[in-house]
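Here the structure comes first, spelled out in structure tokens, and everything after it is commentary.
No lab work stands behind these numbers, since they all come straight from the coordinates. Note that the structure is predicted; figures quoted are calculated from it, not measured. Neighbour counts run over all protein chains shown; Cβ positions are idealised from the backbone, glycine included.
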Amino acid sequence: MAEQEKGPTNVHPELLADVPAEWRAPLVEFLTTGRTDAQGFDEFVDSSEPAQDAIDAAFSARLRGAALKHEQRVIEAGGEYQAGESLAAQSGLPNSDALKLESLLSDTLHRLREEQRALDGENSTGSVTGDNDQISSAHQANVLSEHYKIERSDFRFLRGTIGCDYKVSLPGNLPDGDCQILLRKPAHLNDTSVLARALSEASIDANDLITEINIFFPNGRSEEISSLERHGRGQRVLDHMVRDALSIGSRAIYVYTQKSSMQRFLLKNDFVEVDSQTCYLKLLEKPSGTLDESASGLYFPSNPDRNDWINLIDGSSIFDLYNVSFDPGDRTNGSLYICDPLDRPSGIVLDEVVTKMRDARIWSDHDASHVPEKYKEQYKRELVLKEVVTYKTQNGDFLVARYNHPKYPSHDSRWANWLHHFDSQYKRL
């Protein structure tokens, strides 16, 4: 093995053993100072597992050192609260931020001790050392999980189908990450697409559920966040997505991307390339047909099965879950509907929405009519959902839905007027 380049003593030589020689100095600089001006460094880290392992180990060692210093501060100050006040006074941080940081470090120290005992195979209390030794991947994952949390929204109507958002919250001034999945059916795809053929070859039917990763920015959208700060979050978010897709009966999960680092990440997670370096697909285990209760959303039955989700995508279940209203006085508004959740008192949102539409001259002088219960099955059979959009008001969310009927097709221009109006008045979800 070639002689290792000398660097600061807090970078273990073994961490650099498999790093290309030309990148060792920039990597050492980054690990010891938190930055480097080496051109192409971020791209190198994205493509190099040894470099990522070195960053993981250094990050974990840094956490261990910070946790040990925290323990000494708590002892000297006489308690965690007093330590937080002392840190605030010394650093200029607000008291609340300093207390949160001390609490985070306490949790980290406790976790490190628990994992140290597991690694050592001991049942005694044991201590955490400050050595910069390489830590196991499981240990790194647990340490990383202490520093951010992932929150998933309820499943709801998004971008013409059903989907949910994931928010990755981080302490301090780091940007929040945002991700999104959408439910689809192969029947919605272009029959000639490579993805459609790959699904067919995998015996996935046209009306099965599949999941698209529509947005994937687990580390936020800032280009300035360092490799040290961003490494590790994407894996946990992807794990959540796969679990949620399985819980609602999805047969596959896929994503379109041209970013090389994302492509490598997907391949490491058992996705396969199906479309000339742009589309990546992962087949999921055969679903049980029952939705995990934790995945149920605000507008859905407590435990809908796979067919319920398919009906939601097709629009037929909207009539079961919403008060569906229409304009009886303007034929141009035919097959366009405003949908209010059944679990909300009627009129709270609808009256305001219709009044504003009337002022904008896209609703007649008539009051809204509601689809009668006795005709709902007929509506479900005869109408074909074209598009659905969710909007948020101070009093709650509502849907606007565009359907087509053989005798009463909806109008492109009026639907465009509706969306333009709603986008100017409410927040689109």
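Here are some notes:
- Ordered by the count of other Cβ atoms within 10 Å of each Cβ, fewest first, Arg152, Arg331 give Arg331, Arg152.
- When Rg and the Kirkwood radius Rh are both evaluated on Cα atoms of the stretch 149-283, their ratio Rg/Rh stands at 0.98.
- When His405, His411 are sorted by how many other C-beta atoms sit within 10 angstrom of their C-beta, beginning with the fewest, the order is His405, His411.
- Within the stretch 342-383, trypsin sites (Lys or Arg not before Pro) in DSSP loop having at most 12 other beta-carbon neighbours inside 10 Å: Arg361
- Each residue, Glu151 and Ala416, gets one label point 7 Å from its Cα in the Cβ direction; the gap between the two is 3.8 nm.
- Least to most buried among Asp343, Asp208 (fewest other Cβ within 10 Å first): Asp343, Asp208
- Using a cut-off of 32 Å between Cα atoms, the listed pairs Lys356/Lys376; Lys185/Lys427; Lys167/Lys386; Lys149/Lys386; Lys149/Lys392; Lys167/Lys282 include Lys149/Lys386 as exceeding that distance.
- Along its first, second and third principal axes, ordered by size, the stretch 315-428 spans 33, 32, 25 Å in Cα coordinates.
- Legend: calculated FRET efficiency, Glu387 to Ser193, from the Cβ-Cβ distance at R0 = 22 Å, rounded to 0.05, equals 0.60.
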